[in-house]
1. Where does the Debye-calculated log10 I(q)/I(0) of region 333-460 sit at q = 0.12, 0.21 Å⁻¹, using only Cα point scatterers of equal weight, no solvent?
2. Assign unit charges at the C-beta atoms only (+1 for Lys and Arg, -1 for Asp and Glu), then state the dipole size of the chain relative to its Cα centre in Debye, rounded to the nearest 20.
3. List the residues of region 385-419 whose backbone N lies under 19 Å from a point placed 7 Å from the Cα of residue 160 along the Cα-to-Cβ direction.
4. Ranked highest first by the average count of other Cβ atoms within 10 Å around their residues, in what order do 235-246, 198-209, 20-31 fall?
5. How much of the accessible area of region 318-460, in percent, comes from carbon and sulfur atoms when a 1.4 Å probe is used?
6. Let me check I have the definition right: for region 219-273, take the eigenvalues of the Cα gyration tensor, multiply each by 5, take square roots. What are those semi-axes in whole Å, largest first?
7. Report the extension gain between residue 237 and residue 23 in nm, rounded to one decimal, defined as 0.36 nm multiplied by the number of residues separating them, less their alpha carbon distance.
8. Over its Cα atoms, what ratio of radius of gyration to 2.2 N^0.38 Å does region 30-70 give?
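The values are calculated or read from the model by the stated rules, or taken from the named source; none is laboratory data. Note that the structure is predicted; figures quoted are calculated from it, not measured. Cβ coordinates were reconstructed from backbone atoms using ideal geometry, including for glycine residues, and neighbour counts include every protein chain displayed. We work out accessible area using only protein heavy atoms, side chains counted, and drop any ligands, DNA or RNA first. Shrake-Rupley method; radii C 1.70, N 1.55, O 1.52, S 1.80 Å.
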Amino acid sequence: FPSPCHPAAPPEHIKEPLAYMRKAQGSWEKRILKSLNSMCTELNIPLAQKRPANEQKELLNKWNEMGTDEPDLSLFRPVYAPKDFLEVLMNLRNPNYENGEQPSFRNHLGLIQVPLKVKDIPELKENFSELGLNIGQLGIDDSAQVPPEFFENEHVCVGQKVLAEQDSAAAQQYVRQGCPTALRADLWALILNISNQPEDILYYEQLKSNVIQHNLLVDSLIYKDVKLTASNDDYYFVFEDYLYQVLLCFSRDTSVLEHFTYSSANPPKSYIQGKLGMEEYAVFYPPNGMNYTIASPINYNSFILSVAPLCFLYHEPSKLYQIFREMYVRFFFRLHSISSHPSGIVSLCLLFETLLQTHLPQLFYHLREIGAQPLRISFKWMVRAFSGYLATDQLLLLWDRILGYNSLEILAVLAAAVFAFRAVNLMEVTSLAAAEAVLADLSTLKVMPLLQIFLFATVT
């Protein structure tokens, strides 16, 4: 929910109180739209058109096996890559803040140069107190070395009681210590207030019929993304059809527009053909207001990887869709927009750099001197909430805590913890490529021990 504001505050201040952040977000949106529009013009493809009847029938018949289709999408190019977004964040400056060229104790040595308030280790310890070394955790106390009766059995019993009570606040508190695999789907649905009533299923069917009736340019972008991302992923390729269904429906869902009341972003507009510039003929495009981007093969797209892990939990398309939509409008949209929010990507980058600079100063300085600024490596992890990098069981344990604490700050803490874990190896590298090689594979990492050691065993 948006923070409480002064009743006289204008709407744009509620969305984002800092003028320079609003300006930067506006410029970024124009840049994406320009790239998208130029692609439209080059390929001579309309933004939207009604599908012919035979095409509608064909799509309906293969709705559950869209992955078998192989259209030629080679002409669709990436709209932007994560490194482009990082460059924009690096160039953010507060015009009211004097930050001279002369280095001083106030200078932040990282790439993010905006004066936002971020938490230090003592504040993070207090905030994430349930991750303390003396508190049981799924992800640690359910390991083979610990007899299950010590923690896991009791934790499962408590989880069953929470579900029986249908108490959303209790569920949110409970998942801070992790979700048992068998209860995770129901607990997340309870926290997100998703019940999958008949009217929800009907709404999903309406979105599906919209997909079948109309062809949008973004359909091709989604199609290419899934082909580049999920089809080549050892974990997610089996969910290819689910990903098409969820993302194509998501692009048509006008209820997603509601989150723009508290997002710093604004939905892009298009005009009905022949009515350019006439406001009464302006429509949001795509209908959900989200800017879609194609990933290049080495830069997985955030949309796809926000859905894929949820496919392990939900097998009913309408419920999977609702969970993803709610996760997106509560959390993940903040990773793609420029804002001063504590869970926004700018604050996460600054928090990550501050933690490293404060607690691993030698490592930070060494990497900076060899041209391997740590944020250049960790940015792609955070902007995708570690999806596609961690093993799925570890990723779900991490997302438990995002839901439990209603915050994305834990992403920055984990990114710093990974650097701390690999610090000895990183101190020996002499280039960005070598540093990236040390951190190339995160699939063997155990999330909870890393977080606990970094937060509660670090000398402050």
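1. -0.42, -1.33
2. Using Cβ point charges on Lys, Arg, Asp and Glu, the chain gives about 1320 debye.
3. Within reach of a label on residue 160: no residues.
4. Going by the mean number of other Cβ atoms within 10 Å, highest first, we get 235-246, 20-31, 198-209.
5. Taking all protein chains in place, region 318-460 shows 55 percent carbon and sulfur surface.
6. Working from the Cα gyration tensor, I get semi-axes of 27, 14, 10 Å.
7. 73.1 nm
8. 1.60
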